[in-house]
Amino acid sequence: ARDIEAVVANMLPAIDKQYTTKVRSLASNLRNAGNANLRASVLTGSISAERLCRMSQKDLAPDQLASYVKRMEDESMRQRILRKKDAAQLFPNKFLPEIGAAIVKGKEGDVAQAQQAAATDGDDGSDAGDADGSDGDSSG
């Protein structure tokens with residue numbers, strides 16, 4: 001424990017919020033019942049105090065939480081790839097970058113704008129309305 005505190009004090013010389021957050025994080029992760037492997041590695045010396053103090057939150061996480069986070073990251077990546085493929089199939093034209101990007105970001109308004117631009121592509125502007133400001137539809 002003294003070695004760990006000395007390393008943290010060396011890394012973060014000012015005893016401020018960052019220092020106390022780091023110490024609390026290390027203590028919490030070492031106390032965590034699901035983190036027996038981390039505790040054992042520190043006690044046997046296979047993880048040095050220096051290495052422990054430089055580990056990220058992801059590295060300090062219990063094995064069960066780490067595997068859950070990894071599964072969620074993999075699933076998120078798989079879904080992003082599928083959405084990009086879906087966008088390519090739905091909009092195989094020159095507007096794919098704009099429409100695809102809007103779909104991936106989940107901005108429906110951007111999708112509608114991109115679709116409208118695609119529908120009016122090549123138009124000479126005749127749908128801009130009549131001189132009286134109407135759209136030419138006499139139905140009202």
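The values are calculated or read from the model by the stated rules, or taken from the named source; none is laboratory data. From a predicted model like this one, the values you see are computed outputs, not experimental measurements. All Cβ positions, glycine included, derive from the backbone under ideal geometry; neighbour counts span all protein chains shown. Side chains included, ligands, DNA and RNA excluded: accessible areas come from the protein's heavy atoms. Shrake-Rupley method; radii C 1.70, N 1.55, O 1.52, S 1.80 Å.
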*Could you tally the net charge around R31, taking each other residue with its Cβ under 11 Å from the Cβ of R31, Lys/Arg +1 and Asp/Glu -1?*
+2
*Solvent-accessible surface (1.4 angstrom probe) belonging to V69, in square angstrom, nearest 10*: 50
*asked:* Please compute the per residue accessible area over segment 1-47 with all protein chains in place, 1.4 Å probe, rounded to a whole number of Å².
replied: 70
*Quick one: if the Förster radius is 30 Å, what FRET efficiency do K22 and Q79 give, using the C-beta to C-beta distance and rounding to 0.05?*
0.35
